[in-house]
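Read through the structure below, which is laid out as structure tokens, and then see the notes.
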Amino acid sequence: MSANSSITIRRARRDDVAIIVGMLADDALGSARERIEDPLPESYFTAFAKVDRNPNIQLVVAEDGAGAVVGCLQLCILPGLSSQGASRALIEDVRVASHRRSGGIGEQLVQWALTEARAKGCVLVELLTHSSRVDAQRFYERLGFKRSHVGMTVRF
């Protein structure tokens with residue numbers, strides 16, 4: 001899909017799921033949400049299959065020159081009626097392996113997503129980050145994202 005500065009961005013495969021879940025769990029918020037077990041709970045593989053079948057969702061990984069998965073991101077294309085029927089994109093679950101952070105991998109993933117969203121005709125790209133993730137907020141602002149919404153959540 002994309003090669004840049006010794007990483008390749010490619011569509012995630014089923015055998016990447018454990019590595020992706022490990023990156024999702026590698027912070028205070030994620031460690032409370034995810035279940036790192038051996039074997040990994042089947043729910044992750046069921047969810048991966050649903051994502052992989054959906055033509056409006058791309059779950060991608062960043063792979064380094066040695067073939068190791070060192071980052072991930074999910075890009076969702078959302079058709080809608082607002083903005084004169086324009087599509088928008090939603091970036092979710094951007095993660096970089098802790099030992100590879102601050103090396104530009106996250107930026108390459110987000111830039112890939114912006115390019116992909118534009119190519120698919122999206123008029124805007126949105127993302128969510130938890131209010132406690134101050135470093136992530138600074139990162140996204142550095143990439144040109146502006147604070148524009150008040151997020152609200154209902155958990156079931």
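Summing +1 for each Lys or Arg and -1 for each Asp or Glu, what net charge is found among the other residues whose Cβ lies under 11 Å from the Cβ of Ile91? Once all neighbours under 11 Å are counted, the net charge is -3. Modelled spin-label separation between Arg101 and Glu126, with each label point placed 7 Å from Cα along the Cα-to-Cβ direction: 2.6 nm.
By how many degrees, between 0 and 90 and to the nearest 10, does the Cα long axis of helix 105-119 differ from the longest principal axis of the chain? Long axis of 105-119 versus the principal axis of the chain: about 40 degrees.
Counting Lys +1, Arg +1, Asp -1, Glu -1, what net charge surrounds Arg53 among other residues with beta carbon under 15 Å of its beta carbon?
Working: positive: Arg11, Arg13, Arg14, Lys50; negative: Asp52.
Surrounding charge for Arg53 is +3.
Checking (i) 0.95; (ii) 1.04; (iii) 0.97 against the coordinates, the calculated Rg/Rh (Cα atoms, Kirkwood Rh) falls under label (i).
Among the GluC sites (Glu not before Pro) in the stretch 1-104, those placed in a DSSP loop whose Cβ has at most 16 other Cβ atoms within 10 Å are Glu37.
Ranked by the mean number of other Cβ atoms within 10 Å per residue, highest first, peptides 95-104, 44-53 order as 95-104, 44-53. Rounded to the nearest 500, the helix-only mean residue ellipticity at 222 nm of the chain stands at -10000 deg cm²/dmol, with each DSSP H run of n ≥ 4 adding -39,500 (n - 2.57).
Using θ = phi - 60° in the Karplus curve 6.51 cos²θ - 1.76 cosθ + 1.60, the 3J(HN,Hα) couplings for the stretch 79-92 round to x, x, 8, 5, 6, 6, x, 7, 8, 10, 10, 10, 9, 9 Hz; x is entered for Gly and Pro. Applying 1/(1 + (r/R0)^6) with R0 = 22 Å to the Cβ-Cβ distance of Ser43 and Asp15 gives a FRET efficiency near 0.85.
Using Cα atoms only, what is the angle between the long axis of helix 42-53 and the major principal axis of the chain, expressed in degrees (0 to 90) to the nearest 10? Once rounded, the angle reads 40 degrees. Summing Lys and Arg as +1 and Asp and Glu as -1 over all other residues whose Cβ lies under 13 Å from the Cβ of Ala32 gives a net charge of 0.
Laboratory data are not the source of any read-out in this text; all were calculated from the coordinates shown. Since this is a predicted model, take the numbers as computed values, not measurements. We place every Cβ from the backbone using ideal geometry, glycine too, and count neighbours over all the protein chains shown.
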